[in-house]
Each structure stands twice: as C-alpha cells, then as structure tokens.
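In what follows, a single structure is set out as structure tokens and then discussed.
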Amino acid sequence: MADGKITRIGRCYACRETFGYDPDTVTTVLIDPQTRLPPGMTPFGTRRQPSPAALARAEREPICPRCVERARRFREEQTADPSAGWPTWRRDQGDSGSQAP
Ligand SMILES: [Zn+2]
C-alpha cells in the first residue's frame, strides 16, 4: 500500500484530472489566483521578481503523481542535454506526405 493516506479529493493544477491525495504529502505548486500562474511567472513563461502582493495571495495547488513524473522526466531530459532545448521546427523537415507546392 502507498505510504500516504488519501484524505482529500481535488483537481491536479496541471492536467485538471480529479485525484485523491494526502494534503500532508502531495506535491503542490504555488499559484497566484489572479493570473493562474506561479507568482513571478509571466504569461510568456519568463520569470521576474514576484510582487509581495502576488506572494501574499498565492495558494498551494496539488499536482497529481502522473504530472510530477512527467515533470521529472522532462527535467531529466533537459539536464541530460541542456543544448537540446525545444526542437526547432524546420520547413525542410515537414511531414513526408506534404501537400505544399
Ligand atoms: Zn496532473
């Protein structure tokens, strides 16, 4: 049996799936309810110094184990080859059945 006891049902902030969790052990992320983003994160995904007001109103939102695992794998891939970054889309690598003239 899992070590944590499921005492609450909630929605994962990342995938919005409902899941049961133990509030004492669940992974959470701090979210500003006004922007629905972590304090200090811009809508463009860049970081800035969070305002004290944003930090004060931010709340902890639960993350389901599947999303925690996905984030861990993503981080591992990024650390394994930091130069990889996001793959660059190139026109000459389009799908083989391209209908472009
Ligand atoms: Zn999730």
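Compute the FRET efficiency between residue 80 and residue 46 as 1/(1 + (r/R0)^6), taking r as their Cβ-Cβ distance and R0 = 30 Å, and round to the nearest 0.05. Walk me through the numbers before you get to the answer.
Details: r = 23 Å, r/R0 = 0.78.
FRET efficiency, residue 80 to residue 46: 0.80.
Please label the shape of segment 8-77 as rounded, prolate or oblate, based on the square roots a ≥ b ≥ c of the eigenvalues of the alpha-carbon gyration tensor (a/c under 1.5 means rounded; beyond that, a/b larger than b/c means prolate, else oblate). Numbers along the way, then the final one.
Values: a/c = 2.24, a/b = 1.34, b/c = 1.67.
It is oblate, given that a/c is not under 1.5 and a/b is not larger than b/c.
Which of the GluC sites (Glu not before Pro) found in segment 1-71 are loop residues per DSSP with 15 or fewer other Cβ atoms within 10 Å of their Cβ? Could the numbers behind the result be given before it?
On the way: sites: 17, 59, 69; in loops: 17.
Those satisfying the criteria are 17.
On a full-extension model of 0.36 nm per residue, what is the gain between residue 60 and residue 15, subtracting their alpha-carbon distance, rounded to one decimal in nm?
Taking 0.36 nm per residue and subtracting the Cα distance, the gain is 14.6 nm.
So who's got an amide H within less than 5 Å of the one on residue 8, skipping anything under 5 residues away but keeping other chains? H placed 1.01 Å off N, in plane.
For residue 8, whose amide H was placed from the backbone, the distant partners under 5 Å are 21.
Quick check for you: which residues of segment 23-37 have the amide N under 14 Å from the point 7 Å beyond the Cα of residue 53 toward its beta carbon?
Under cut-off, by backbone N: 33-35.
Every number here is computed from the coordinates shown, using simple stated rules; none is lab data. These numbers come from a predicted model, not from an experiment. Cβ sites come from the backbone with ideal geometry, for glycine too, and all protein chains shown count toward neighbours.
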